[in-house]
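Here is the structure we will look at, set down as C-alpha cells.
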Amino acid sequence: MNGSLHLWLIPLLPFAGFLINGLLGRRLPKALVSTVALLAPLAAFLAVLGSAFGMFGAMPMLNLPYTETFGTWLNIGALHVDFSLVLDQLSLIMLLVITGVGFLIHVYSVGYMAHDKGYARYFSYLNLFLFFMTTLVLAGNALVMFVGWEGVGLASYLLIGFWFSKTNAAAAGKKAFIVNRIGDVGFLIGMFLLLANFGTLTFTEIATKLGQDPGWSGGVVTVIALCLLLGAAGKSAQLPLYIWLPDAMEGPTPVSALIHAATMVTAGVYMIARNQVLFDHSPFALSVVAIVGGATALFAATIALVQNDIKRVLAYSTISQLGYMFLGCGVAAYSAAVFHLMTHAFFKALLFLAAGSVIHGLGGEQDLRKMGGLRKRMPVTFWTMTAGVIAIAGIWPFAGFFSKDAILYSAFQHGSLGKALWFVGLLTALLTAFYMFRLWYMTFLGESRSPQVHPHESPWSMLGPLVILAVLSICGGWVGIDRFGSLLASATGPTIDPATAAGGKSLDLILSGIAVAVALLGWLIAHIFYKQKPQQPAQLAAALPGGYKLLVNKYWVDEFYGAVVVKPLMLFSTYFLGWVVDKAILGGGAWLLGGTATFAGALLQRWQSGNIRSYAAWLAAGAAALLLFAFIPWTTVLADIGIHLTQAGH
Amino acid sequence: MNALFSQEVPLIFYLLLSAALFALGIVGFLIKRNLITVFMSIELMLNGVNLSFVTFAHQWHAVKGQIFVFFVMMVAAAEAAVGLAIIIAVFRARATLAVDRIDLMKL
C-alpha cells in the first residue's frame, strides 16, 4: 500500500464524461454518447469500491478520517484553505449510494430519454451533477464542500429546466435556484463565523479545537449551527424553504429520482452529520434541527394525502422523509439518520423510477385519477413499486422499517421533547403508509380510468434498475442499525444500544411493534378508502371542506410567500430599481454622457471644413502655440501672477 | 559693431534667414492655390530648417547637424518624386491643380 487512494479519480471521472458529452455530444453517435455517459458513473463507482477496499484493507495503517491534499487554494494571512478530500465511513456510505444509485439511474435514463432531442446534453448535465455531488461529499473543508454544494445546485437548476421551452419547467428551475440561494446565505455566514472563531474551515481541525476546549458551547456555536441549519434546510427542502422541491418535478423523472430524492436533497443531512461536533456542542441548535425535521415530516405528509399528481405525491413524501432524517440528526442519532438516508435513496429512487415507468407507459400522463388497472399491463413495474411502497411504509422486513425504527427509537430515548417528536414521527408514519398505498391503489389496482390509453411495459434498460433497486429496498435494511452504527461510530459517534439503554430490549421491540402496527393501519385505511368504498374519499372531502381545501392548496404557503416576499420584491425591483435606479440614474447618466459628446461633436464639426489650407493654418498655429508654451518661462510667470493675485486679495 | 564687420557672420543672421525662409514657406503654403506652388512652399520650409541645422552644426562643430541635413534632403527628394507623381495623377483625374477643388474626401 503506497498510502494513496487517488480520491481525485472519483469526482474527475464523471467530470470527464461531462466534458466529452458536453463539448462533443452533439456530433457523436448516440451509442457513443450512451457509452460515455454510462462509463463515467460506473468508473466512479468502481473507484469508490477501490477506495473502500483500500480503506478497509489498510485500516490499521490508515488513520481515519483519511485525507488527501492536492495543493493550496487560499493562503491569506491566517486563512489557509487546501484542496483537500477526505474519506471516512460517512463519506464512503454517501459515495456508494451516489455513484451506485447514480449509475442505475443513468442506465434507466438511456431508456427513458431515448427519444429526446437533448440526449447528450441531458447526460452531460447528469455527469456534471455526479462530479459536484462527489466533490461535496469528499470535501475535507467547508469551502470545498461549498463548491460542490453550489455545483449540485447548478446541475439541479439545469436539469429541472431541462425542457426549458416549457414555461413551467424554466420557472421551476429558477425557483429552485433562488430558494437555494437563501439557504446558502446561511451556509456562507456560518463559514465566516467558523473562520472568525476557529480560524479554519477544515472539519477535523474544527472538531479538534472544539474537543480541546469544553468551554465552547452555546453562544457563537449555536449561531454557527443555526446558520448551517438554514443552509441545510434550503438544500434538503425543510420548512420554511421546502417550496422549491415540489416544483422541481417539472424536470425529467430520472432527475427527480437521482437529484430530488436520492442524493442532492440529502446533502443537508450529510452536512449536519459532517458538522455534528458543532451541533453536539449546542443542545439548542440540535433541538431546533429536531423540531424543524419533525414539523416538516408531518407537514409535508399531510399535503401528500390529497395530491393527484403521482410525482408530486412522491415529492412531498421526499420532503417528509427528509424531515425524518433531520429528526434523526436532531436527536443526535446521526448514524440512524444516515441509515435512513441510504435506505431512502434506494426506495425513493425506486418509487420515482417506477413512477417514471408508469408515466412513460401512459405517454406522459401524471394524474393519478386517470390511471388504474395497470397491474396486468405493467407487471414488473407493479411488483417493483410494491416493494418500494412497502419499504417506505416501514413494514418489516423491508429496508424502510429498520431505518425508520432506528430514528423513532432514538427519538423516544431523547427526553420529553424526543417523546413528543416520536409521536409526530409515528403520526407521519401513519400518513406515509396511507398516501403511499393510496398512490399504489389508484395507479395499479381496480379498473383503468382512461380506457382509450393503451399502456405498455417499459424497455429492460428501465426495468433492470427497477429490479435492482427493488432488491435493495427489500434487503438494504438487513445490514441492521447496530452493525451500521458501529461501522459509522468513529465518524458519527456511538448509537444507543437497546440492550443497555433504559427500557432494555423489550422497549425496542414494543416500539417496533407500534411502528409496524401504525404502518399496517395506514394500509388498512387506504384499502378501505380506495378499494372497498371508492366513494368514501369524496364524501370525507365534502364533510370537511375547510381541511380539504387547506391541504389541496398546500396550506397556501406558495401564495403566502408570493404575497409577502415575491410581490414586494417585484414592486421594489420594478419601481425603485427599474425606474429610479436603472432608468433615471443610470439611463439619465448615460444619456447625459452621450448628449455631451454629441453636442461637443456638433461644435467641433465646424473645424472639419475640408479646406486643406485651413487645416494647415491650424497646424501652423498649433506649432506656434507649442513653441510659445515651451519657451515662455511659465514658472516665473505663474509665480509673478500668484504674488500679484495674493497682493490683490489683500 | 565689430561683429558685423568681422570675418564671421554672426549666428543670428543665419537664424533670421532660416526663419524668414520658413515663414515664407508657411505663407506660401497657406495662400497659394496651385498645388505645385504649395509643393514648392514645402520645399522652401524644409530648406529653411536645413539652414538652421547647418548653422548650428558649424557653430558647435558637431557633424550630427550636417547628417540631419542629408537625411532631410533625401526625404525631400523622395517626397518630390512621390508628390509630383501624385500631382500628375490628380491632374489627369480632375483636370485642375487648384487645392480648393480637390475636395472629394470632404463630407
Computed from the mean reciprocal separation of all distinct C-alpha pairs, what Kirkwood hydrodynamic radius does the range A:261-365 have, in Å? 14.3
Per-residue mean of other chain beta-carbon atoms within 10 angstrom of the beta-carbon, peptide A:611-617? 5
Karplus-derived 3J(HN,Hα) from phi for the range A:30-46 (6.51 cos²θ - 1.76 cosθ + 1.60, θ = phi - 60°), whole Hz, x at Gly and Pro, runs 4, 4, 5, 4, 4, 4, 4, 4, 7, 5, 4, x, 5, 4, 5, 4, 5
Could you work out the relative contact order of chain B, using alpha carbon pairs under 8 angstrom and six or more residues apart, expressed as a whole percent? 25
The range B:32-55 residues near the modelled residue B:70 label - backbone nitrogen below 11 Å, point 7 Å along Cα→Cβ: none
Between their Cα atoms, which of A:404/A:531; A:311/A:404; A:235/A:505; A:235/A:531; A:117/A:175; A:30/A:554 are more than 30 Å away from each other? A:235/A:505; A:235/A:531; A:30/A:554
For the range A:372-447 the trypsin sites (Lys or Arg not before Pro) that pass both the DSSP coil test and the at-most-12 other-Cβ-within-10 Å test are A:376
Loop GluC sites (Glu not before Pro), the range B:1-93 (other Cβ atoms within 10 Å of the site Cβ: 14 or fewer; DSSP): B:8
Mean ellipticity per residue at 222 nm, deg cm²/dmol - from DSSP H runs of n ≥ 4 across chain A, formula -39500 (n - 2.57): -23000 deg cm²/dmol
The exposure ranking of A:106, A:340, A:6, A:281, fewest beta-carbon neighbours within 10 Å first, is A:6, A:281, A:106, A:340
Dipole magnitude of the protein assembly as shown about its Cα centre, charges +1 at Lys/Arg Cβ and -1 at Asp/Glu Cβ only, in debye to the nearest 20? 2220
Mean Cβ-within-10 Å packing, highest first, puts peptides A:310-319, A:10-19, A:585-594 in the order A:310-319, A:10-19, A:585-594
Between 0 and 90 degrees, rounded to the nearest ten: what's the tilt of helix A:334-361 against the longest Cα principal axis of chain A? 90
Cα centroid separation, the range A:1-55 to the range A:584-603 (Å): 56
Any chance you could check the Cα centroid distance between the range B:19-59 and the range A:412-445 for me, in angstrom? 105
Unit Cα scatterers, Debye sum, the range B:11-94: log10 I(q)/I(0) for q = 0.22, 0.25 Å⁻¹: -1.01, -1.14
Could you sort the peptides A:94-103, B:50-59 by per-residue average Cβ neighbour count (10 Å cutoff), highest mean leading? A:94-103, B:50-59
In degrees, nearest 10, range 0 to 90: what is the angle between the Cα axis of helix A:460-475 and the longest Cα principal axis of chain A? 60
The alpha-carbon center of the range A:126-184 and that of the range A:314-330 are separated, in whole Å, by 20
Mind pulling the angle between the C-alpha long axis of helix A:89-112 and the longest principal axis of chain A? Nearest 10 degrees, somewhere in 0 to 90. 90
Per-residue mean of other chain beta-carbon atoms within 10 angstrom of the beta-carbon, peptide B:90-101? 1
When the convex hull of its Cα atoms is projected in every direction, mean area for chain A (nm²): 46.3
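Show me A:251-258, A:221-228 ranked by packing, highest mean number of other Cβ atoms within 10 Å first. Before the final figure, lay out the partial values.
On the way: A:251-258: 28.4, A:221-228: 22.2.
Ranked by mean Cβ neighbours within 10 Å, highest first: A:251-258, A:221-228.
We did not get these values from a lab; they are worked out from the coordinates using the rules stated. Just so it is clear, the model here is predicted, and its values are computed rather than measured. When we count neighbours, we look across all protein chains shown, and the Cβ atoms used for this are built from the backbone with ideal geometry, even at glycine.
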